[in-house]
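The values are calculated or read from the model by the stated rules, or taken from the named source; none is laboratory data. In this text the structure is predicted, and so the values were computed from the model without any measurement. With ideal geometry, Cβ positions are generated from the backbone for all residues, glycine too; neighbour counts draw on all protein chains shown. Heavy atoms of the whole protein, side chains included, go into the accessibility calculation; ligands, DNA and RNA do not. Shrake-Rupley method; radii C 1.70, N 1.55, O 1.52, S 1.80 Å.
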Amino acid sequence: MGISSTAFQKCINPDCGAEFDCGQALFKCPSCGQLLDAQYNWDKIKVPGKLSDFAGSWANRTNPLDFSGVWRFRELLNFCDDKYKVTIGEGQTILQQNDAVAEYVDVKPGRLYLQYEGLNPSGSFKDNGMTAAFSHAKMVGAGSCACASTGNTSASVALYAHSCGLKATVFIGSGRIAFGKLSQGIEYGAQTIQILGDFDDCMRQVQDVCSRLGLYLLNSLNPFRLEGQKTIMYRILEGLGWDVPDWIVVPGGNLGNSSAFGKAFDELKQLGLIKRIPRMAIINATGADTLTDLVNNKKLTWNNGKVDQKIIDNYYTDLTACNFSPHTCASAIEISRPVNLKKCLRAIDICNGIVRAVTDEEILDAKAIIGKYGLGCEPASAATIAGLRNLRAEGIIDKNERVACVLTGHPLKDPNVTVNYHKEKQGKFSNPPIEAPNDIDEIIKLIH
Ligand code: F0G
């Protein structure tokens, strides 16, 4: 059966609802300008009867598509023929139960899980999305691609682009991305354009550049990217023996992950593969807290797709009027105009979600704890643990509930933040290096 009869793109605006073939590279609805989803005619797709059936693919891991932690769930993102699929072994990530971090956040032993997406080939969760989006790019015959980025998207785009022979141009805000990420994009061979502005400026520019030059856009506006990111949730379920946790906690930046996770659970429930949907907590940094402000203070909701656009327009007009630019040590989520805002509101609706913001100090302390007792992560990822700690203190998440936090990026992405925290004794958990004379007795005294 041809893919065209099983998958299509659909505008999320219920007043429009326009549908398009998956063979088109669109990124926004041509009729009304809203976001597009990948949708499936599920009755035409052979989906396993139960989630545990997916475990069978793992036995066949000499097949690259079964080895991939994304494509071994391919029946649940069935928009493209196998011949177009691009994989570099993404998605071999770990769900770690961590009692020491659980103690820090006041969750009962055995109840906290950390999903380490930093273990992907480019060191962040982005590879889950890129394997899917680059497969779509191959399917539509794209030759050149582009993205705007706070760093991880550009690293992942650069890696996949050279793996499958596309030319890549990445837009970054000058001085706004961590060194590890900048080094990756350059090393992997992407043309890197540093704009004198922030991520939101880059995002505006890249959309114009892509439509003028016909480049394939790889930001999370791309609905196929989010299809790949759904698999992070499948792997959490897999790590829990196909049980559903009580809470998923995720950092919020451009809001692609939270949007994808809500869609993943909605589809699994509709397919009868899960009985209940976990709640989701989305954590902003206080210096980039558009979602928190809009949801908690301006009471913006999904409202069955009829989102109050006036609230968003007024909010963005105010940001422009005061020349606002977001600032946080978690540079990955330093975003004030998240492109997936409406899909994220839908995910909040699906998952009975909540939104909070955490300070840089809370992020850095949480990061030090994840480093000391776990495998470590970059600052944005640590917003999850900082947020969870506050939600426990508020009593919104119970001590007994089972919580999975998505640690989105590797600790080596941003070594400057880590070294400054420890060396400059910036926080409660700083572990500064000790200066020592080049003398054995003095050194031994220090160790004692
Ligand atoms: N964590 C990390 C490590 C990220 O790199 C990002 C986003 C996020 C969280 C936020 O995820 O956008 O799905 O809400 N990084 C993008 C980039 C924006 O360009 O690398 P989101």
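Test Ser174 against the stated conditions and say whether it is more than 14 Å from the ligand (Cβ to nearest atom), over 16 Å from Phe125 (Cβ atoms) and either modelled with pLDDT of 95 or more or out of contact with any strand residue (DSSP E or B) (no Cβ under 6 Å at 6 or more places or on another chain) (or both). Steps first, answer last, please.
Working: more than 14 Å from the ligand (Cβ to nearest atom): yes; over 16 Å from Phe125 (Cβ atoms): yes; either modelled with pLDDT of 95 or more or out of contact with any strand residue (DSSP E or B) (no Cβ under 6 Å at 6 or more places or on another chain) (or both): no.
Considered against the rule, which asks whether it is more than 14 Å from the ligand (Cβ to nearest atom), over 16 Å from Phe125 (Cβ atoms) and either modelled with pLDDT of 95 or more or out of contact with any strand residue (DSSP E or B) (no Cβ under 6 Å at 6 or more places or on another chain) (or both), Ser174 comes out as no.
For (1) closer than 16 Å to Arg225 by Cβ; (2) under 22 Å from the mean Cα position of the chain (by Cα); (3) in contact (Cβ under 8 Å) with a residue 12 or more places away in the chain, each residue gets a yes or a no:
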position: Gly33; (1), (2), (3): no, no, no
position: Pro48; (1), (2), (3): no, no, yes
position: Asp53; (1), (2), (3): no, no, no
position: Gly56; (1), (2), (3): no, no, no
position: Ala59; (1), (2), (3): no, no, no
position: Pro64; (1), (2), (3): no, no, yes
position: Phe79; (1), (2), (3): yes, yes, yes
position: Val86; (1), (2), (3): yes, yes, yes
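List the number of the failed condition for Val355; all other conditions in (1) in contact with a Leu (Cβ under 9 Å, 6 or more places away or on another chain); (2) assigned to a loop (DSSP other than H, G, I, E, B) hold.
Status for Val355: all satisfied but (2).
What pairs come up if the first residue lies in the stretch 144-166 and is in contact (Cβ under 8 Å) with a residue 12 or more places away in the chain and more than 20 Å from Thr87 (Cβ to Cβ), the second is among the charged types (D, E, K, R) and away from the ligand (no atom under 12 Å from the Cβ), and their beta carbons are under 9 Å apart, counting only those six or more places apart or on different chains?
Ser144/Lys167; Ala148/Asp201; Ala148/Arg204
Is it the case that Asn323 is away from the ligand (no atom under 16 Å from the Cβ), more than 22 Å from Trp247 (Cβ to Cβ) and surrounded by fewer than 24 Cβ atoms within 10 Å (Cβ to Cβ)? Spell out the reasoning first.
Working: away from the ligand (no atom under 16 Å from the Cβ): yes; more than 22 Å from Trp247 (Cβ to Cβ): yes; surrounded by fewer than 24 Cβ atoms within 10 Å (Cβ to Cβ): yes.
Yes; evaluated as a whole, the condition is true for this residue.
The rows are residues; the columns are (1) in contact with a strand residue (DSSP E or B) (Cβ under 7 Å, 6 or more places away or on another chain); (2) farther than 27 Å from Ser331 by Cβ; (3) open to solvent by less than 10 Å² (accessible area, probe 1.4 Å); (4) not aliphatic (A, V, I, L, M).
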{"site": "Gly91", "(1), (2), (3), (4)": "no, no, yes, yes"}
{"site": "Asp99", "(1), (2), (3), (4)": "no, yes, no, yes"}
{"site": "Ala102", "(1), (2), (3), (4)": "yes, yes, yes, no"}
{"site": "Gly110", "(1), (2), (3), (4)": "yes, yes, no, yes"}
{"site": "Leu119", "(1), (2), (3), (4)": "yes, no, no, no"}
{"site": "Ala142", "(1), (2), (3), (4)": "yes, yes, no, no"}
{"site": "Cys145", "(1), (2), (3), (4)": "yes, no, yes, yes"}
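Mind checking which strands (runs of 3 or more DSSP E) fall wholly inside the stretch 1-66 and carry at least 3 residues that are open to solvent by less than 70 Å² (accessible area, probe 1.4 Å) and not polar (S, T, N, Q)?
Numbers: elements: 7-11, 19-21, 36-40.
Strands (runs of 3 or more DSSP E) meeting the threshold: 7-11, 36-40.
Within the stretch 113-164, how many residues are polar (S, T, N, Q), near the ligand (Cβ under 8 Å from one of its atoms) and assigned to a strand (DSSP E or B)?
2
If the requirement is being hydrophobic (A, V, I, L, M, F, W, C), more than 24 Å from Pro109 (Cα to Cα) and over 19 Å from the mean Cα position of the chain (by Cα), which of these qualifies: Ala321, Ala357? Let's see the steps before the verdict.
Numbers: Ala357 fails: over 19 Å from the mean Cα position of the chain (by Cα).
From the options Ala321, Ala357, the qualifying one is Ala321.
Quick test for you: out of Leu412, Leu388, pick the one residue that is touching a Cys at 6+ places or on another chain (Cβ under 8 Å) and either of a type in the set (Phe, Trp, Tyr) or under 24 Å from Glu117 (Cα atoms) (or both). Please lay out each step first, then the result.
Numbers: Leu412 fails: touching a Cys at 6+ places or on another chain (Cβ under 8 Å).
Criteria check complete, one pass: Leu388.
For the stretch 165-193, what are the residues that are hydroxyl-bearing (Ser, Thr, Tyr) and either in a helix (DSSP H, G or I) or open to solvent by less than 20 Å² (accessible area, probe 1.4 Å) (or both)? Working first, answer last.
First, pick out the residues of the stretch 165-193 that are hydroxyl-bearing (Ser, Thr, Tyr): 169, 174, 183, 188, 192.
Result: Thr169, Ser183.
Contact list please: Cβ distance under 8 Å, first residue in the stretch 325-353 and at positive phi, second residue assigned to a loop (DSSP other than H, G, I, E, B) and more than 10 Å from the ligand (Cβ to nearest atom), pairs at least six apart or on different chains.
Asn352/Ile277
Go through the stretch 396-416 and report how many residues are surrounded by fewer than 17 Cβ atoms within 10 Å (Cβ to Cβ), in a helix (DSSP H, G or I) and of a type outside the set (A, V, I, L, M, F, W, C).
Qualifying residue count for the region: 2.
Taking the options Ala383, Ala393, Ala332, Ala368, name whichever one is part of a helix (DSSP H, G or I), open to solvent by 30 Å² or more (accessible area, probe 1.4 Å) and modelled with pLDDT of 95 or more.
Working: Ala383 fails: open to solvent by 30 Å² or more (accessible area, probe 1.4 Å); Ala332 fails: open to solvent by 30 Å² or more (accessible area, probe 1.4 Å); Ala368 fails: open to solvent by 30 Å² or more (accessible area, probe 1.4 Å).
The conditions single out Ala393.
Can you tell me which residue in the stretch 198-249 is nearest to the ligand (Cβ to nearest atom), limited to those that are among the small types (Gly, Ala, Ser) and surrounded by fewer than 17 Cβ atoms within 10 Å (Cβ to Cβ)?
So in the stretch 198-249, the residues among the small types (Gly, Ala, Ser) come out as 211, 214, 220, 228, 239, 241.
In the following step, the residues that additionally are surrounded by fewer than 17 Cβ atoms within 10 Å (Cβ to Cβ) were identified as 211, 214, 241.
Details: Ser211: 19, Gly214: 22, Gly241: 27 Å.
Residue satisfying both the conditions and the ranking: Ser211.
Cβ-Cβ below 7 Å, separation at least six or inter-chain, first residue in the stretch 371-397 and at positive phi, second within 15 Å of the ligand (Cβ to nearest atom): which pairs?
Between residues of the stretch 371-397 that are at positive phi and residues that are within 15 Å of the ligand (Cβ to nearest atom), the close pairs are Gly376/Ile370; Gly376/Pro411.
Conditions tested, residue by residue: (1) in contact with an Asp or Glu (Cβ under 7 Å, 6 or more places away or on another chain); (2) under 13 Å from Asn284 (Cβ atoms).
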| site | (1), (2) |
| --- | --- |
| Leu300 | yes, no |
| Tyr316 | no, no |
| Ser325 | yes, no |
| Arg356 | no, yes |
| Ala368 | no, no |
| Gly374 | no, no |
| Ser381 | no, no |
| Asp398 | no, no |
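Can you tell me which residue is farthest from Val403 (Cα to Cα) among those in the stretch 250-290 that are of a type in the set (D, E, K, R) and more than 16 Å from the ligand (Cβ to nearest atom)? Can you show your working first?
Pass one, the stretch 250-290, residues of a type in the set (D, E, K, R): 263, 266-267, 269, 275-276, 279, 289.
Then drop every residue that is not more than 16 Å from the ligand (Cβ to nearest atom), which leaves 266-267, 269, 275-276, 279.
Numbers: Asp266: 19, Glu267: 21, Lys269: 19, Lys275: 17, Arg276: 15, Arg279: 9 Å.
Ranking the qualifying residues of the stretch 250-290, first place goes to Glu267.
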